[in-house]
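Student: Sharing a structure with you now.
Just so it is clear, none of the values below were taken in a lab; they were calculated from the coordinates. Every value quoted in this text rests on a predicted model; they were computed, and no experiment measured them. Virtual Cβ from ideal backbone geometry, glycine too; neighbours counted across all protein chains shown.
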Amino acid sequence: MGIIKDKFREKSLAASAEIKAILKEHGNKKIGEVLLSQIYQGMRGITGLVSETSLLDAQEGIRFRGYSIPELRQLLPKAPGGTEPLPEGLFYLMLIGELPTEEDVRHISETLARRSHVPNHVFKAIDALPLSAHPMTMFVTGVMAMQTESVFAQKYAEGMSKSDYWEYTFDDSFNLIARLPRLAAYIYRRKYKNDEHINPDGLLDWAANLGHMMGYKDEKFKKLMRLYMTIHADHEGGNVSAHTTHLVGSALADPYLSYAAGMNGLAGPLHGLANQEVIKWIFEMHEVLGTEEPSKEQISKYVHDTLASGKVVPGYGHAVLRQTDPRFTAQMEFGKEHMPNDPLVNTVWKIYDVVPGILESLGKVKNPWPNVDAHSGALLVHFGLKEYEFYTVLFAVSRGLGVLASLCWDRALGFPLERPKSVTTELVKKWLKGEDEIWD
Ligand code: HAX
């Protein structure tokens, strides 16, 4: 771990000095204006955060440290004989800001394998929940139970210097990421596979090991896990899971507590839980229509019925994106290569032909195009993973890479407690009547 920690120290010291100089010279520069509508409507478009690991462009989609998803599928190191990037490489890129060598990635894979032990009390905490509990409830319970292992919390209690915050955040982040596949697989096997568990294989990479411990033997499933864990990792800093992790971390809550908070947000149906909602919605469509291979006309009617009943079409729309999500496209390419004739995957593609036009015709949806969640479930079902309530756990494992790399940067750059200003409608009315001055 020393090599990567040393590189991170070097990079973050340089970045910290650069930011200090920028703020000294330009700290008073105004960046945009805030509209009253933005204050009421989810702060859309207000620039108010720095997140170093990735940047989202409304038209082009996500770039991680400047690299798009198609570029990363080419450039990041792959497992021997593999065709998809290793997510360990993306983690390195987000942390260090440079593409890793194969050696760097191997080093991270081996470190994560070494640190993957999950203490027994974590499994007991999960076992205390009824089997009917949602997998995300089990997952966050497990992460919270693992907080007993936080080096950051322990060092803080002993009294540590501010300059050491990043170092123990870094250690906790690696330890936590290392443990996530074991935790996720435990939940999957407990809930869906008779509580029969599979030991980790220390020779496998992080994502492949997750597939292995869940009980999926197909090499293509391992490839899918590598792609899935890479594309879901980060989506700049303002989305609910990233922002929550950052916010809670800003109070110096340790990485376990901060990440657990963020994953509670991921479990919302307008965010990461949309991946389960998509497949649930398609399975219900099969039942209602009495076919597993609906025509575009049948899908169109079903979409209209969904909207008429006051529900959203899951997997479509986005708060920032205004085009088809490149994470959707990457999964579509995977589907075309590995399962072009799968009926469910084909239904996802037909839905893609039908839904944007219908949402556009409503005249209010700002982005009628599919997001990452519109596609992921169908690829999982192809391999037999039909238990859709589990899907957000997979998203959460991947999201750990991005939000925890970001948290390391937050601590290294000494970002302070986050505390935006809120107002009351009473005050807004006074502003509008000119009875009080608008506070800058
Ligand atoms: N189906 C139906 N209506 C939709 C819609 C959809 N897929 N997407 C947006 N709309 C509606 C909104 O509900 C809103 O309606 P009201 O004015 O009646 O309230 C209107 O269109 C304007 O919304 P918007 O400005 O286009 O979208 P928002 O930024 O407010 O919301 C959401 C973005 C992602 C929450 C939204 O598009 C949505 O609910 N999509 C479906 C759920 C989903 O797929 N979520 C996953 C998003 C990606 C992600 O975070 N993955 O983890």
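Student: For the chain, what is the mean residue ellipticity at 222 nm derived from helices alone (per DSSP H run of n ≥ 4: -39500 (n - 2.57); sum divided by total residues; nearest 500 deg cm²/dmol)?
Tutor: -19000 deg cm²/dmol
Student: For a test of the definition: using alpha carbon positions, the gyration tensor, and the 1.5 limit on a/c, classify segment 296-372 as rounded, prolate or oblate.
Tutor: oblate
Student: Which whole-number percent is the relative contact order of segment 132-258 (Cα, under 8 Å, 6+ apart)?
Tutor: 28
Student: Identify all lysines with a Cα-Cα distance to Lys11 below 26 Å; exclude those on the same chain that are fewer than 8 residues away in sequence.
Tutor: Straight-line reach from Lys11, under 26 Å: Lys20, Lys24, Lys29, Lys78, Lys155, Lys162.
Student: Test of understanding: in a Gaussian network model of the chain with alpha carbons linked when under 10 Å, which of Lys311, Lys78, Lys220 would top the mean-square fluctuation ranking?
Tutor: Residue with maximal mean-square fluctuation among Lys311, Lys78, Lys220: Lys311.
Student: Dipole of segment 218-268, Cα-centred, from +1 at each Lys and Arg C-beta and -1 at each Asp and Glu C-beta, to the nearest 20 debye?
Tutor: Dipole magnitude for segment 218-268 comes out near 200 debye.
Student: Using a basic spin-label model with each label point 7 Å from the Cα along Cα→Cβ, how many nm lie between Asp353 and Glu437?
Tutor: Taking the simple label geometry, Asp353 and Glu437 are separated by 6.2 nm.
Student: What's the ranking of 375-386, 397-408 by average number of surrounding C-beta atoms within 10 Å, highest first?
Tutor: Ranked from most to least packed, the peptides come out as 397-408, 375-386.
Student: Something else about it: Once you sort the root eigenvalues of the Cα gyration tensor of the chain as a ≥ b ≥ c, which label holds: rounded (a/c under 1.5), prolate (a/b larger than b/c) or oblate (the other case)? Could the numbers behind the result be given before it?
Tutor: Details: a/c = 1.57, a/b = 1.08, b/c = 1.46.
Note, shape of the chain comes out oblate.
Student: In a shell of Cβ-Cβ distance under 13 Å around Gly237, excluding Gly237 itself, what net charge do Lys and Arg (+1) and Asp and Glu (-1) give?
Tutor: Here the charged neighbours net out to -4.
Student: Oh, and also: Can you give the extra length, in nm with one decimal, that the chain gains between Val312 and Asn346 once fully stretched, where that is 0.36 nm per residue apart less the Cα-Cα distance?
Tutor: Full extension from Val312 to Asn346 adds 10.1 nm.
Student: Take every Cα pair under 8 Å in segment 29-98 that's 6+ residues apart, average their separations, divide by the length, and report that relative contact order as a whole percent.
Tutor: 21
Student: Turning to a different aspect of this structure: Classify segment 308-440 from the C-alpha gyration tensor, please: rounded if a/c falls under 1.5, else prolate or oblate depending on whether a/b exceeds b/c.
Tutor: Since a/c reaches 1.5 but b/c is at least a/b, the shape of segment 308-440 is classed as oblate.
Student: Also, quick follow-up: List every residue whose amide H lies under 5 Å from the amide H of Ile62, counting only residues 5 or more places away in sequence or on a different chain, with H placed 1.01 Å from N in the peptide plane.
Tutor: Here the answer is Asp57, since their amide H atoms fall under 5 Å of that of Ile62.
Student: Measure out, as a whole number of angstrom, how far apart the alpha-carbon centroids of segment 1-49 and segment 75-140 sit.
Tutor: 27
Student: Here is a follow-up. How about segment 1-69: which trypsin sites (Lys or Arg not before Pro) there are in a DSSP loop, with at most 13 other Cβ atoms within 10 Å of their Cβ?
Tutor: On the way: sites: Lys5, Lys7, Arg9, Lys11, Lys20, Lys24, Lys29, Lys30, Arg44, Arg63, Arg65; in loops: Lys29, Lys30, Arg44, Arg65.
Taking segment 1-69 and a limit of 13 other Cβ atoms within 10 Å, the loop trypsin sites (Lys or Arg not before Pro) found are Lys29, Lys30, Arg44.
Student: Hey, another quick one. State, to one decimal in nm, how far the label point of Glu337 lies from the label point of Leu55, with both points 7 Å from Cα in the Cβ direction.
Tutor: Those two pseudo-labels are separated by 2.8 nm.
Student: Can you tell me the length gained on complete extension of the stretch Ala21 to His121, counting 0.36 nm per residue apart and subtracting the Cα distance?
Tutor: 31.3 nm
Student: Using unit Cβ charges (K, R positive; D, E negative) and no other charged atoms, how large, in debye to the nearest 20, is the dipole of the chain about its Cα centre?
Tutor: The dipole magnitude comes to about 320 debye.
Student: Let me ask something additional. Could you compute how fast segment 67-124 diffuses translationally, taking Rh as the Kirkwood radius over C-alpha pairs and applying Stokes-Einstein at 20 °C with viscosity 1.002 mPa s? Give it in µm² per second.
Tutor: Numbers: Rh = 12.5 Å.
The estimated diffusion coefficient comes to 171 µm²/s.
Student: A further question on this structure: What is the total of Lys pairs in segment 283-440 with C-alpha atoms under 26 Å apart, excluding same-chain pairs fewer than 8 positions apart?
Tutor: Counting lysine pairs in segment 283-440 gives 23.
Student: Over the chain, with a Gaussian network built from C-alpha contacts below 10 Å, which listed residue (Tyr40, Tyr216, Tyr188) shows the highest mean-square fluctuation?
Tutor: Taking springs between Cα atoms under 10 Å, the residue moving most is Tyr40.
Student: Starting from the Cα of Ile3, step 7 Å along the direction of its Cβ; do the same at Lys193; then give the gap between the two resulting points in nm.
Tutor: 3.3
Student: Relative contact order, percent, of the chain when contacts are C-alpha pairs under 8 Å separated by at least 6 residues? Present the calculation step by step, with values, prior to reporting the outcome.
Tutor: Working: 606 pairs, mean separation 92.4, N = 440.
It comes to 21 percent, rounded to a whole number.
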